[in-house]
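A short worksheet on the structure shown next.
The values are calculated or read from the model by the stated rules, or taken from the named source; none is laboratory data. This one's a predicted model, so the numbers in the text were calculated from it and none came from an experiment. Here the Cβ positions follow ideal geometry from the backbone for every residue, glycine too, while neighbour counts run over all protein chains shown. Quick note on the areas: whole protein, heavy atoms, side chains included, nothing else; ligands and nucleic acids left out. Shrake-Rupley method; radii C 1.70, N 1.55, O 1.52, S 1.80 Å.
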Amino acid sequence: DLSISFKDWFTIGRGICHILGKPGSGKSTMMRFICDHKHTPQLLDQWARPKAPIVASVFFWKPGTKLQKTLKGLVLSLLHHILQRLPELVPILFEEYWDPYGSSPWNLQRALEIGDNDIFLAFERLVKDKTAFNSHRFCFFIDGLDEFDDPRERHSTLARRLLEWTNSHPDDLKICVSSRELPVFLDSFSIQQRLTLNLLTEPDIQKAVRKTLVGHSRFI
């Protein structure tokens, strides 16, 4: 049912590309493969021209720390990736903390603690402000939406946020996500940009199971 091939989504696609799959079907492996593949930067560079592409990836992990499964962790990870590439945005996104004349190499630097509200405000400025989009296009990879576990945020709210981000800059911001078959994600993201991974990996999984189990002396 894809309206566009997975490869073409990188060069001409928009919105959210959804990698769907049952547990163990290889979603995270697929996302890591995509993020590390040598052709991914080339394809995104074609999409971004004449602008420059900025790529950020986040992998939710429910058994992990709080930051590995909450909205704050998502926002921090995205900001970290983006500001490493675009440090000139720091004075814009964190204007309340930006004080280039308030310190010198001869003074001890005070520890800087940025509150949660200011972190979310910084990301909101990034999405709403057109400054960063004048010369850059952004592509996010977010793995394991079903492992998102934030007491203050529902899966439906997270999905709505992602759609709002892409809708606010349809030509300059797109997101590739992965998740299990939760109804909230099935209902939120377009089936025409959804790759059902277990349908593709099923023959290989069957082959591996038969080779490993059927040939084992203890398998009955």
Quiz item: What does the charge add up to near C17, with Lys and Arg as +1, Asp and Glu as -1, over the other residues with Cβ less than 9 Å from its Cβ?
Solution: +2
Quiz item: Leaving out ligands, DNA and RNA but keeping every protein chain, what accessible area does H80 have, in Å² rounded to the nearest 10, with a 1.4 Å probe?
Solution: 110
Quiz item: Ignoring ligands, DNA and RNA, what percent of the accessible area of the range 1-142 is carbon or sulfur (1.4 Å)?
Solution: 55
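What do you reckon, how do T166, T196 stack up by accessible area (1.4 Å probe), largest on top?
Details: T166 5, T196 40 Å².
These residues rank, largest area first, as T196, T166.
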Practice problem: Could you work out how far helix 39-48 tilts from the main Cα principal axis of the chain, as a 0 to 90 degree angle to the nearest 10? | Solution: 50
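Just by accessible area at a 1.4 angstrom probe, what is the order of K207, K62, K27 from largest to smallest? All intermediate terms of the calculation are to be shown ahead of the outcome.
On the way: K207 145, K62 105, K27 25 Å².
The ordering from most to least exposed comes out as K207, K62, K27.
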Quiz item: If the convex hull of the alpha-carbon atoms of the range 149-220 is projected onto planes in all directions, what is the mean projected area in square nanometres?
Solution: 7.9
Quiz item: Expressed as a rounded percentage, what relative contact order does the range 72-216 have, with Cα pairs under 8 Å and six or more residues apart?
Solution: 21
Quiz item: Do the alpha carbons of any pairs in K38/K130; K7/K51; K7/K69; K51/K174; K22/K72 sit beyond 22 Å of each other, and which pairs?
Solution: K38/K130; K7/K69; K22/K72
Quiz item: Among (1) 69, 44, 24; (2) 74, 39, 32; (3) 65, 48, 33, which one is Cα extents along the principal axes in Å computed from these coordinates?
Solution: (2)
Exercise. For the chain, find the longest principal axis of its Cα atoms and tell me its angle to the long axis of helix 116-128, 0 to 90°, nearest 10.
Key: 80
Quiz item: Got a number for carbon plus sulfur as a percent of the range 150-220's accessible area, 1.4 Å probe?
Solution: 53
Exercise. With a probe of 1.4 Å, find how much accessible area the range 68-180 has per residue, and write the answer as a whole number in Å².
Key: 55
Self-check item: Protection-proxy order for peptides 65-71, 177-183, each taking the mean of Cβ atoms within 10 Å per residue, highest first
Solution: 177-183, 65-71
Practice problem: Take S25, S3 and sort them by solvent-accessible surface of the protein heavy atoms, 1.4 Å probe, largest at the top. | Solution: S3, S25
Quiz item: How many percent of DSSP beta bridges within the range 1-153 run antiparallel, rounded to 5?
Solution: 10
Self-check item: Qualifying GluC sites (Glu not before Pro) for the range 106-163 [loop in DSSP, other Cβ within 10 Å: at most 11]
Solution: E113
